[in-house]
Amino acid sequence: MTRQKPGPCPIVRSFDIIGSKWRLVVLNDLQESEKRFNELKRSTEASSRTLSRVLKELVSEGLVEKRVEEESPIATYYSLTSKGRELCPVFQEVNNWAEKWLEK
């Protein structure tokens, strides 16, 4: 009988999804409110190319929602989904830990 190798633990799988620098920055920034692409670009200081890639990844993971308003000019908004909003307490706890233990 052959035993299957277990997959990575849930924490490792979670960090595969949210653990990149830019994904964390964007998710953290969207906690406050829905934002347009250029607002996110300014607040995160990511390049357009990087931000575009990260937003596509987060949308495909179901953490971020993209909303397009067909006005002139076209406006694109990004916000956290309910799945993404469930990460907010996690970010707060990481922030609390960082303030306590990391050098200022």
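The values are calculated or read from the model by the stated rules, or taken from the named source; none is laboratory data. Everything quoted here is computed from the prediction, not taken from an experiment. All Cβ positions, even for glycine, are placed from backbone atoms using ideal geometry, and neighbour counts span all protein chains on display.
Among the candidates Thr81, Thr50, which residue alone is among the polar types (S, T, N, Q), without any contact (Cβ under 8 Å) to a residue 24 or more places away in the chain and surrounded by 14 or more Cβ atoms within 10 Å (Cβ to Cβ)?
Details: Thr50 fails: without any contact (Cβ under 8 Å) to a residue 24 or more places away in the chain.
None of the others qualify; the one that does is Thr81.
Restricting attention to segment 64-71, does a residue exist that is in a helix (DSSP H, G or I) and surrounded by fewer than 10 Cβ atoms within 10 Å (Cβ to Cβ)?
Just the residues of segment 64-71 that are in a helix (DSSP H, G or I), to begin with: none.
Checking segment 64-71: not a single residue is in a helix (DSSP H, G or I) and surrounded by fewer than 10 Cβ atoms within 10 Å (Cβ to Cβ).
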Taking segment 29-47 only, how many residues are surrounded by fewer than 18 Cβ atoms within 10 Å (Cβ to Cβ) and not charged (D, E, K, R)?
6
Is it true that some residue in segment 11-19 is surrounded by 13 or more Cβ atoms within 10 Å (Cβ to Cβ), modelled with pLDDT under 95 and either under 18 Å from Thr76 (Cα atoms) or of a type in the set (Gly, Ala, Ser) (or both)?
yes
Among the listed residues Ser79, Ser33, Ser14, which satisfies the condition of being hydroxyl-bearing (Ser, Thr, Tyr) and part of a helix (DSSP H, G or I)?
Ser14
